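The values are calculated or read from the model by the stated rules, or taken from the named source; none is laboratory data. Since the model is a prediction, treat every value here as computed from it, not as a measurement. Note that each Cβ is placed from the backbone with ideal geometry, even for glycine, and that neighbours are counted across all protein chains shown.
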Amino acid sequence: MQASSDFQMNLNHFSVEIATESLRNLNLLQSSESTPPSLLNRMTAQMQADAVFAGKLILAIQNLAVSEELDTNHQLIDKLNEAQHYINQFCDELGLRYKPGNEHSASDNNDDHSYSDAVSAADNLHSIIEILCSVIKTPSQSAEGIASKFFVV
């Protein structure tokens with residue numbers, strides 16, 4: 001039972017951290033007049049690392065072999081949904097900054113590449129959080145069951 005309790009604590013910490021990090025990224029983006037590629041690259045790397053960790057959590061939940069919901073009070077799901085909300089706003093802000101003719105628009109291919117990488121990382125993180133939420137709600141799902149909810153199989 002201690003392992004399950006430790007895992008629950010790790011899951012809780014991750015849900016809080018991912019929401020906090022997503023809000024921080026959004027605030028950083030909104031507070032800067034320009035968006036240097038180095039800032040986007042750092043944010044992209046963090047979102048990619050968070051997506052990898054979320055994937056590991058999904059696998060760990062499946063390996064727990066529990067059948068009941070892991071988040072009966074919905075605090076984890078609420079935090080993960082909050083993170084998804086901030087990630088959506090982050091993508092919206094990127095879209096506003098990089099429309100053709102916008103004064104903050106990307107000026108060269110390096111900026112375009114940083115922008116597209118950030119959008120891809122945010123989209124991937126949003127998707128993996130959605131899968132994580134699904135597995136938290138129904139931990140006994142098979143990999144095929146999870147995939148069938150999100151992908152055409």
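Annotations
- Here E21 clears all of (1) of a type in the set (D, E, K, R); (2) modelled with pLDDT under 85; (3) surrounded by 14 or more Cβ atoms within 10 Å (Cβ to Cβ) except the condition numbered (2).
- Taking the criterion of being under 14 Å from H13 (Cβ atoms) and either among the polar types (S, T, N, Q) or under 13 Å from the mean Cα position of the chain (by Cα) (or both), the residues of the stretch 57-77 that qualify are L57, Q75.
- Matching residues, the stretch 1-51, being under 18 Å from E69 (Cα atoms), free of Cβ contacts under 8 Å to residues at least 60 places away in the same chain and not in a loop (DSSP other than H, G, I, E, B): Q2, A3, S5, D6, F7, M9, N10, H13, F14
One line per residue, one yes/no per condition, for (1) among the hydrophobic types (A, V, I, L, M, F, W, C); (2) at pLDDT below 95; (3) surrounded by 20 or more Cβ atoms within 10 Å (Cβ to Cβ):
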residue	(1), (2), (3)
A45	yes, no, no
Q48	no, no, no
F53	yes, yes, no
A60	yes, yes, no
L64	yes, yes, no
E68	no, yes, no
D71	no, yes, no
Q75	no, yes, no
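- The stretch 30-43, residues that are surrounded by 19 or more Cβ atoms within 10 Å (Cβ to Cβ), at pLDDT 85 or above and over 20 Å from F14 (Cβ atoms): L40
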